[in-house]
Amino acid sequence: TLRVASRASGGVRGMKLGANARVIAMVIAIDGEDLLVVSERGIGKRTAISEYRRTGRGGQGVLSFRVTTRSGPLSVALVLNNEHELIIVSREGIMMRTRADLISQQGRATQGVSIMNIGDDDAVASIAQIDLAIGASGE
């Protein structure tokens with residue numbers, strides 16, 4: 001629904017954000033894959049992409065995670081499948097490696113489960129994906 005515009009143009013509104021809202025990621029939704037969301041406190045979940053409805057420009061999005069004081073705000077969102085392993089990194093430099101299929105697959109508006117234990121003064125900073133299908137074939 002976007003028209004071609006020059007590099008210097010002002011662009012168009014993609015999403016309407018609330019007063020305290022912020023964008024943490026932009027991903028390409030692929031049927032058959034899952035959206036992984038992880039909060040600053042290490043709470044996360046996988047949800048099938050098919051559970052998300054398509055929205056138009058200027059909308060406010062679709063609820064994906066119940067933010068609480070236990071979970072903290074979302075920190076990371078990415079698309080993955082069972083052929084991925086993840087390296088989760090905290091702001092203090094703690095790293096954890098896990099398989100994507102070990103993370104609970106849950107409904108779109110649920111809170112999630114503990115994926116990584118985070119100290120009181122720490123938070124999840126980033127997640128890197130490792131595609132096992134590529135690594136196994138040596139390509």
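The values are calculated or read from the model by the stated rules, or taken from the named source; none is laboratory data. Small disclaimer: the values here were computed from a predicted structure and weren't measured. In this analysis, Cβ positions are derived from the backbone assuming ideal geometry, glycine residues included, and neighbour counts consider all displayed protein chains. Each accessible area value is taken on the protein alone, full model and side chains, heavy atoms only, with ligands, DNA and RNA left out. Shrake-Rupley method; radii C 1.70, N 1.55, O 1.52, S 1.80 Å.
Looking for whichever is assigned to a strand (DSSP E or B), within 25 Å of residue 13 (Cβ to Cβ) and either modelled with pLDDT under 90 or among the small types (Gly, Ala, Ser) (or both) here; the options are 128, 25, 77, 29. Which one fits?
77
To keep it simple, each residue is scored yes or no on (1) on the phi > 0 side of the Ramachandran plot; (2) under 14 Å from the mean Cα position of the chain (by Cα); (3) open to solvent by less than 20 Å² (accessible area, probe 1.4 Å).
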| site | (1), (2), (3) |
| --- | --- |
| 54 | no, no, no |
| 57 | no, no, no |
| 67 | no, yes, no |
| 86 | no, yes, yes |
| 90 | no, no, yes |
| 105 | no, yes, no |
| 108 | no, yes, no |
| 114 | no, no, no |
| 118 | no, no, no |
Residue among 39, 50, 6 that alone is at pLDDT below 85 and either within 27 Å of residue 113 (Cα to Cα) or open to solvent by 60 Å² or more (accessible area, probe 1.4 Å) (or both): 6
Do you know which residues across the range 9-24 are loosely packed, with under 10 Cβ neighbours inside 10 Å and either touching a residue at least 60 places away in the same chain (Cβ under 8 Å) or under 14 Å from residue 57 (Cβ atoms) (or both)? 11, 13
Within the range 92-102, which residues are in a strand (DSSP E or B), open to solvent by 40 Å² or more (accessible area, probe 1.4 Å) and either within 18 Å of residue 118 (Cβ to Cβ) or not basic (Lys, Arg) (or both)? 95, 96, 97
